[in-house]
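Taken together, the values in this text are just the output of simple stated rules run on the coordinates, not laboratory data. Just so you know, these numbers come straight off a predicted model, no measurement behind them. So basically every Cβ, Gly included, is an ideal-geometry build from the backbone, and we count neighbours across all protein chains shown.
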Amino acid sequence: MKFASMHLPLIFSVAFPGLAAASSILFSGGTVIGFDSATESLDVIRNGSVLVTNDRIVGVYSRAPSTALPKGTEIIDITDKIISTGFVDTHKHGWQTAFKTLGSNTSLVEYFGRYGQFVTGTIFTADDVYIGQLAGIYEALNGGVTTILDHAHHTWGTAQSNAGLKASIDSGARVFWSYAFAHLTNVNYTVEQQVSDFRDIAKAASFKGTATSLGIAYDSFGPNPNVSEVDVVMGLAKEFNVSVITTHSLQGPWGFDNSPEDVNNLGFLNNSIPIVFSHASFLTNAGASLLRATNQYISITAESEMHYGHTHPHSHLIQDQASLGIDTHFTFSSDILTQARLWLQVTRRLLYAEVLARWEVPANSPMSADQAFLLATRHGGLALRRGDIGVLAVGAKADLVVWDGTSPALLGWNDPVAAIILHASVGDIEHVLVDGKFKKRDFKIAERTYPDIKKRFLKSAKRIQKVMVDTVTPLPRAGDPWPYNELNIGETNTVDTLRGKGKGYGELFLDTGK
Ligand SMILES: *[C@@H]1O[C@H](CO)[C@@H](O)[C@H](O)[C@H]1NC(C)=O
Ligand SMILES: *[C@@H]1O[C@H](CO)[C@@H](O)[C@H](O)[C@H]1NC(C)=O
Ligand SMILES: *[C@@H]1O[C@H](CO)[C@@H](O)[C@H](O)[C@H]1NC(C)=O
Ligand SMILES: *[C@@H]1O[C@H](CO)[C@@H](O)[C@H](O)[C@H]1NC(C)=O
Ligand SMILES: *[C@@H]1O[C@H](CO)[C@@H](O)[C@H](O)[C@H]1NC(C)=O
Ligand SMILES: *[C@@H]1O[C@H](CO)[C@@H](O)[C@H](O)[C@H]1NC(C)=O
Ligand SMILES: [Zn+2]
């Protein structure tokens, strides 16, 4: 599919005198999924156009633009297409790309023992971190994810930390790269050294003027925090006014709390810096009230929470303070669209089941495609306290996705939001822009060096996968104690898809090189 591109006749080339060197693009004649900040709701414009100048949306019009266009504006015809804001992923670990498909059956217990930050640090060189992070971000961009909150727990040393940051910057995506402070005895990298390296990174500010910004990831707010360590880490957050603080929060049977209550007890929840609680499985009612009172958000990673077994018993009750995330993209989808769809349907299922459990039949649908779309976009921006991200509106960042409305999956659509949330796939995404720059164009990654990036990544992944497949990791088993509380590890029932006496669980198809 070709995009129509042409330059405007001279008659339009007048205004915007102060922006002589500006670069402008007009997306013309398509269906625009805009956002109306007065009503805080989506605003669909048919046969509309969107004008971008540099990194911002400067005009959203029904029909033709009402003002003269800047000189040299490139016009892209989007007849029969849908233009929307990019998706916002508020929880991801970009470095893990090299593990792709290794964890198709992993549980969280197994994840900690095989794939987590505390056991894999010795396998990854700085080059591996760089190329995995970069390939992972291109994967996200390809799927229309333009903003990523990266919980960067690849910070196993100075070189690996800098490599992950550099990859984030080089990708051109909007990455909230969040340096992870942790007790990394596996690589003998102390929190003290981490603090010193973090200072160097913050002072050098290599991300300044790019779409990447610096955040902090910290998973030891509770239970049993080391208060002086928390003070040191939060002190850095304040000193360098980081863009976000994020934490893995898993309460209930998991006991890996990092709850809103924990952070509040330490005096850091009511913060001018946004704090994102990833998963927030087993969030309490008190925790939800605290999130509302302090305007902090959770990141629901629908697929992850089902794949690993965190579950999300109460997340549907806190959707007013929720955004969507991916988590470990090596185990499943890396696009927020899939997360939005899964979350929509799993929430419907849950709320339908409540009615059925009362021996009644449900009359109405509990959640709309519109709500799923807002969670996937605008709410991610709100979680980061960025009103200019995740919305298509004048003044917002020009982070945009153009959908091919004539693809086999979309053909016949009427409601553009339903078309995206319930019918589209990543393959229907024609263009992706971040800060007004094409990151995907005509269905292809718009980066000249991408073929080389792929080659470098495959070489790195091949080596890492061999190490992973060859390493026999003794894992905790049913009956063993769970290290985070007094519970034991238990076994699930498994299903059998064969008639009669089947083969039970089935196989994994990993190439062991033998
Ligand atoms: C779309 O708007 C343009 C003017 O901006 C007009 O010429 C065209 O006829 C409109 N198309 C439809 C299908 O309404
Ligand atoms: C996944 O499958 C592999 C190979 O069959 C097995 O060793 C591993 O224990 C399984 N993991 C889980 C969590 O079931
Ligand atoms: C960490 O230090 C311990 C004790 O000094 C040593 O045995 C181990 O090899 C070190 N590990 C690494 C990755 O340097
Ligand atoms: C608690 O944190 C402080 C400051 O980082 C550190 O000096 C101390 O060793 C830590 N204590 C424990 C028990 O880890
Ligand atoms: C901190 O950064 C935010 C943007 O991330 C900005 O709005 C705010 O004014 C800054 N605060 C201080 C104290 O510099
Ligand atoms: C948060 O802090 C602000 C001032 O910094 C205060 O006005 C507000 O009441 C506080 N909210 C809560 C829930 O503590
Ligand atoms: Zn995670």
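Quick one: angle between helix 126-142 and the longest Cα principal axis of the chain, in degrees between 0 and 90, rounded to 10, please.
Once rounded, the angle reads 50 degrees.
Given contacts defined as C-alpha pairs under 8 Å and at least six residues apart, what's the relative contact order of the chain, whole-number percent? If you can, show how the numbers build up before the last one.
Values: 1079 pairs, mean separation 92.1, N = 514.
Relative CO of the chain lands at 18 percent.
Would you mind computing Rg(Cα) / (2.2 N^0.38 Å) for the chain, counting N as its residues? Before the final figure, lay out the partial values.
Details: Rg = 23.3 Å, N = 514, 2.2 N^0.38 = 23.6 Å.
Rounded to two decimals, the normalised Rg is 0.99.
Would you mind computing Rg(Cα) / (2.2 N^0.38 Å) for region 185-275, counting N as its residues?
Details: Rg = 13.9 Å, N = 91, 2.2 N^0.38 = 12.2 Å.
Compared with the compact-globule rule of thumb, region 185-275 sits at 1.14.
Between residue 497 and residue 385, what FRET efficiency comes out of the Förster formula 1/(1 + (r/R0)^6) with R0 = 45 Å and r the beta carbon distance, rounded to 0.05?
0.45
For region 242-263 and region 383-437, what is the separation of their Cα centres, given in Å?
So the two Cα centres are separated by 31 Å.
Highest first, please rank the peptides 28-38, 326-336 by the mean number of other Cβ atoms sitting within 10 Å of their residues.
Working: 28-38: 19.5, 326-336: 24.4.
By packing density, highest mean first, the sequence is 326-336, 28-38.
If you line up the long axis of helix 450-470 against the longest principal axis of the chain, both from Cα atoms, how many degrees apart are they, to the nearest 10?
Roughly 10 degrees, rounded to the nearest 10.
Arranged by the count of other C-beta atoms within 10 angstrom, fewest first, what order do 447, 507, 430 take? Intermediate results must be reported in sequence, preceding the final value.
On the way: 447 19, 507 7, 430 23.
Ranking 447, 507, 430 by Cβ neighbours within 10 Å, fewest first, gives 507, 447, 430.
Rounded to the nearest 0.05, what FRET efficiency do residue 292 and residue 442 give with R0 = 41 Å and r taken as the Cβ-Cβ distance? Could you check? Walk me through the numbers before you get to the answer.
Working: r = 44 Å, r/R0 = 1.07.
That pair, residue 292 with residue 442, gives E of 0.40.
Taking the Cα atoms only, what angle lies between the long axis of helix 285-294 and the longest principal axis of the chain, rounded to 10 degrees?
Taking the Cα atoms of the chain, the angle to 285-294 is about 40 degrees.
How large is the Kirkwood hydrodynamic radius of region 304-458, counting all unique pairs of alpha carbons, in Å? Don't jump to the answer; show the numbers that get you there.
On the way: mean 1/r = 0.0566 Å⁻¹.
In region 304-458 this quantity evaluates to 17.7 Å.
Give, in nm to one decimal, the length gained when the segment between residue 425 and residue 306 is fully stretched (0.36 nm per residue of separation minus the Cα-Cα distance).
Length difference between fully extended and current span is 40.8 nm.
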